[in-house]
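Notes follow the structure.
The values are calculated or read from the model by the stated rules, or taken from the named source; none is laboratory data. As the structure is a prediction and not an experimental result, all values here were calculated from the model. Cβ coordinates were reconstructed from backbone atoms using ideal geometry, including for glycine residues, and neighbour counts include every protein chain displayed.
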Amino acid sequence: MKNILVTGGAGFIGSNFINYILDTRDDYFIVNLDKLTYAGNLENLKPSEGKKNYQFVKGDITNNEFVNYIFEKFNIKYVINFAAESHVDRSILGSEIFYRSNVIGTNVLLETSRRFEIEKFFQISTDEVYGSLGSTGLFTETTPLSPNSPYSSSKAAADMMVMAFYHTYGMPVVITRCSNNYGPYQFPEKLIPLMIINSLNGKKLPVYGDGMNVRDWIYVIDHNKAVELVFEKGRVGEVYNVGASNEMPNLQIIKLILKKLGKSEDLIEFVKDRPGHDRRYAIDSSKIQNELGWKPGFIFEEAIEYTVDWYLKNKSWWERIISGEYQKYYYDLYQNRK
């Protein structure tokens with residue numbers, strides 16, 4: 001049994017990862033440490049509740065003493081760090097929490113991992129650390145880091161610190177940098193769920209600039225499988241890019257969603273572009289494919305339909321987020337256990 005600390009496991013990608021892992025294998029014991037900020041939602045983890053190889057703990061990764069307690073209590077030997085403030089718009093409005101969570105939090109995890117001599121530290125990062133591409137070219141693992149937002153700069157700083165612990169202390173680390181995820185349980189402030197929910201509610205769909213900013217989209221289950229594979233077989237001290245080679249402008253995705261829902265494109269409303277808005281991301285994932293045999297299993301046209309259908313079938317989930325009721329779930333859940 002591998003005792004794994006998964007941080008940020010109540011967020012979108014982390015919760016999908018935990019549900020996937022606990023549904024497919026029984027040789028992992030997962031301790032999910034999450035602060036339950038606005039984007040953390042324990043309702044995402046209902047499929048994993050009550051499983052013998054799962055434990056949720058509410059806490060902050062920047063708290064040295066508490067993190068040390070968790071490592072000691074659960075005999076942690078592995079860390080997978082999903083925990084991060086991740087919304088670019090929020091980082092523009094206020095950057096301090098991004099550097100505290102993404103940089104200081106990662107430092108606390110690294111220092112604690114070093115003291116406990118863990119077997120692997122896995123940093124979940126983003127392709128945004130590379131900056132912006134022109135109309136051609138792809139991000140590779142050797143592309144220089146050139147972040148353009150407070151969010152991406154905080155993630156780049158964390159990545160560099162992770163590699164510093166590898167080179168200085170010989171810590172067994174690995175990093176993945178993934179392209180834009182989509183799928184079930186994504187918080188409604190992100191592009192795809194926001195556009196689905198606004199469309200369903202007959203609200204305007206705000207589109208930055210000309211809507212032609214390009215992202216490389218990957219279904220969250222494909223990302224989960226890549227994380228599992230890198231965790232098991234990835235070489236220590238290496239970075240692996242993860243992408244589905246599915247470049248698409250934001251405007252095209254929005255039009256696909258409107259078509260799927262039978263809504264008019266009149267709902268689209270172009271708004272002033274945000275500061276430092278990267279024009280294009282595109283991932284070269286040949287390294288993880290050639291070394292570890294990973295490849296995406298979902299094509300965008302199918303997976304976006306699955307995603308839209310999920311939001312249609314789970315209206316009560318996102319309505320509780322919009323109303324704020326979802327934040328009561330932790331209190332109600334643990335009061336009932338007393």
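Give the residues of the stretch 95-138 that are on the phi < 0 side of the Ramachandran plot and either of a type in the set (Gly, Ala, Ser) or touching a Leu at 6+ places or on another chain (Cβ under 7 Å) (or both), sorted by residue number.
SER95, SER101, GLY105, SER113, PHE121, SER125, VAL129, TYR130, SER132, GLY134, SER135
Checking the structure you have, find out if any residue of the stretch 203-213 is free of Cβ contacts under 8 Å to residues at least 24 places away in the same chain, surrounded by fewer than 22 Cβ atoms within 10 Å (Cβ to Cβ) and over 19 Å from SER125 (Cβ atoms).
Checked the stretch 203-213: no residue is free of Cβ contacts under 8 Å to residues at least 24 places away in the same chain, surrounded by fewer than 22 Cβ atoms within 10 Å (Cβ to Cβ) and over 19 Å from SER125 (Cβ atoms).
Which condition number does ILE196 fail, the rest of (1) surrounded by 20 or more Cβ atoms within 10 Å (Cβ to Cβ); (2) touching a Pro at 6+ places or on another chain (Cβ under 9 Å); (3) not in a helix (DSSP H, G or I) being met?
Of (1) surrounded by 20 or more Cβ atoms within 10 Å (Cβ to Cβ); (2) touching a Pro at 6+ places or on another chain (Cβ under 9 Å); (3) not in a helix (DSSP H, G or I), only one is false for ILE196: (3).
Please work out which one of (1) among the hydrophobic types (A, V, I, L, M, F, W, C); (2) touching a Pro at 6+ places or on another chain (Cβ under 8 Å); (3) at pLDDT 95 or above is the condition VAL103 fails and give its number.
The number of the failed condition is (2).
Can you name the number of the only condition in (1) free of Cβ contacts under 8 Å to residues at least 60 places away in the same chain; (2) in a helix (DSSP H, G or I); (3) buried (at least 23 other Cβ atoms within 10 Å of the Cβ) that SER15 fails?
Every listed condition holds for SER15 apart from (1).
Quick test for you: out of ASN314, ASN290, ASN246, pick the one residue that is polar (S, T, N, Q) and touching a helix residue (DSSP H, G or I) at 6+ places or on another chain (Cβ under 6 Å).
ASN246
Before we move on, is THR37 surrounded by fewer than 22 Cβ atoms within 10 Å (Cβ to Cβ), at pLDDT below 95 and of a type in the set (S, T, N, Q)?
yes
Which count do you get for residues in the stretch 264-280 that are in a loop (DSSP other than H, G, I, E, B), modelled with pLDDT of 95 or more and surrounded by 17 or more Cβ atoms within 10 Å (Cβ to Cβ)?
Number satisfying all stated conditions: 0.
Assess whether TYR20 counts as being over 17 Å from the mean Cα position of the chain (by Cα), closer than 20 Å to THR176 by Cβ and either at pLDDT 95 or above or β-branched (Val, Ile, Thr) (or both).
In short, no.
Give the stretch 138-160 a look and list any residue that's surrounded by fewer than 21 Cβ atoms within 10 Å (Cβ to Cβ) and at pLDDT below 95, or say none.
Result: ASN148, single match.
Could you run through the stretch 290-338 and say how many residues are assigned to a loop (DSSP other than H, G, I, E, B), at pLDDT below 95 and closer than 30 Å to VAL242 by Cβ?
Result for the stretch 290-338: 1.
Check the stretch 45-61 and report whether any residue there is among the charged types (D, E, K, R), touching a Gly at 6+ places or on another chain (Cβ under 7 Å) and not in a strand (DSSP E or B).
no
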